[in-house]
Amino acid sequence: MENTHLQDYSHKRLNILTGEWVLVSPHRAKRPWQGQNEEISKEKRPTYDPTCYLCATNTRANGEQNPDYQDVFVFGNDFAALQSDSPTFAVNDGLFKAQSETGICKVICFSPDHSKSLAEMSVAEIKKVVHAWQKEYVELGAHESINYVQIFENKGSVMGCSNPHPHGQIWSQSTLPNEVEKKDVQQRIYFASHQKSLLETYLKQELEAKERIIFENDDFVVLIPFWAVWPFEAMIAPKIAQKNITQLSDSGATNFAEAIAVITSTYDKLFNTSFPYSSGIHQAPTNGEENEHWHWHMSFYPPLLRSATVKKFMVGYEMFGSPQRDITAEIAAKRLRDLI
């Protein structure tokens, strides 16, 4: 099939990392663009909010006082979803099956400045966040009971973020979560057959095609994946295979920070608003295995579709069939690329 057909006719695209398909309906997006261009909110957050439980020197909900931190601050989640002291147990009663799950959850404040998001932070400031992620991956992964470390951020109230202070979370647990398990399987299968990284091969093809690339530097590619589900979904990935973020050189950490700065600030320009998203880093498990098949990457899943107020929801066919999108990955990439 010629590539032009992908912009005109309904089709399915394979997510090579999960083995799942997404339905693409490009003909539905050819109606005239009527999305609003929202003005950036005139309300500016203060650099310090005395009522914010994440601001420096403030008291958190559990009664502990934050230190007067100057850049990045990491602490144990006061309302952790996983417990480190849960007893080991299992339920195996016919079709009623359950098993205990333990873990450690942390919160990472990106900056003491309450008014900022990653999109408004400098590359040097974001690099400090990268170093904190590296440190936590190593320290949490060193626990015998921890086999996976999930780094993520929910930005914006629409993504369930209850506090606007720039922060993310790190959940670590004893087993691999569903999405990571899928990617582990697909990457392992490809590596066993080709003796090279699935994503490295994919990125080389993307760099040749240049249709979905948003930005690149010496070490990283920022692109809309061929199989993207969300309208402006993006991925940051190192060009050369690395199992986890600890393998970044100092310049690599700088270039990773630059890639984050570019995609987040470009998102904000798209609809002239502070762009909400959920982002997360998928990297090799910390299970003591070589995991040479892994190629780490960071994904951004933003819900906005046509304006700052028109959102994409997973409903109907997407809940009962499979994910579906109208605007193609190629068109989405061009719109973001043109804003840089």
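Only the coordinates and a few stated rules stand behind these numbers; no lab work does. Values in this document were obtained by computation on a predicted structure and should not be read as measured data. Positions of Cβ are backbone-derived with ideal geometry, glycine not excepted, and every protein chain shown enters the neighbour counts.
Net length available on complete extension from Phe79 to Ala209 is 42.3 nm, with 0.36 nm assigned per residue and the Cα-Cα distance removed. Per residue, the chain reaches -7500 deg cm²/dmol at 222 nm when only DSSP H runs of four or more residues are counted, each adding -39500 (n - 2.57). Distance between the C-alpha centres of segment 251-316 and segment 119-186: 11 Å, rounded to the whole angstrom. For Lys183, which aspartates and glutamates qualify as cross-link partners when the Cα separation must be under 17 Å and same-chain residues fewer than eight apart are set aside? Once the sequence-local aspartates and glutamates are set aside, what remains near Lys183 is Glu20, Glu200, Glu289, Glu290, Glu292.
Determine the shape class of segment 125-259: with a ≥ b ≥ c the square roots of the Cα gyration tensor eigenvalues, call it rounded for a/c under 1.5, and otherwise prolate if a/b is greater than b/c, oblate otherwise. Rounded shape, in that the Cα axes give a/c under 1.5.
Quick test of the membrane-span-like rule: which DSSP H helices of the chain reach at least 15 Å along their long axis (C-alpha atoms) with mean Kyte hydropathy at least 1.0? Membrane-span-like by this rule: not one helix. When the listed pairs Lys155/Lys269; Lys106/Lys155; Lys116/Lys269; Lys106/Lys239; Lys44/Lys116 are checked against a 18 Å cut-off, the alpha-carbon distance exceeds it for Lys106/Lys239. Farthest toward the positive end of the dipole of segment 57-175, out of Ala124, Gln173, Ala80, is the Cα of Ala124, where the dipole comes from beta carbon charges about the Cα centre. Compared with the alpha-carbon gap, the fully stretched path from Phe320 to Asp93 is longer by 78.9 nm at 0.36 nm per residue. Using the Karplus relation 6.51 cos²θ - 1.76 cosθ + 1.60 with θ = phi - 60°, the per-residue 3J(HN,Hα) values for segment 211-224 come to 7, 10, 6, 9, 7, 8, 10, 4, 10, 10, 10, 10, 8, 8 Hz, with x marking Gly and Pro.
Sorting the segments 216-222, 4-10, 255-261 by their residues' average number of neighbouring beta-carbon atoms within 10 angstrom, most packed first, yields 255-261, 216-222, 4-10.
Return a whole-number percent for the relative contact order of segment 222-292, with Cα pairs under 8 Å and 6 or more residues apart as the contact set. Result for segment 222-292 is 26 percent. Net charge of the neighbourhood of Gln324, taken over other residues with C-beta under 14 Å away and scored Lys/Arg +1, Asp/Glu -1, is +1. Using alpha-carbon pairs under 8 Å, 6+ residues apart, how would you state the relative contact order of the chain in percent? Relative contact order comes out at 22 percent. Reported value for the chain: 163 Å³ per residue, from the convex hull of its C-alpha atoms.
The charge dipole of segment 165-216, taken about its Cα centre with unit charges on the Cβ of Lys, Arg, Asp and Glu (plus for the first two, minus for the last two), comes to roughly 100 debye.
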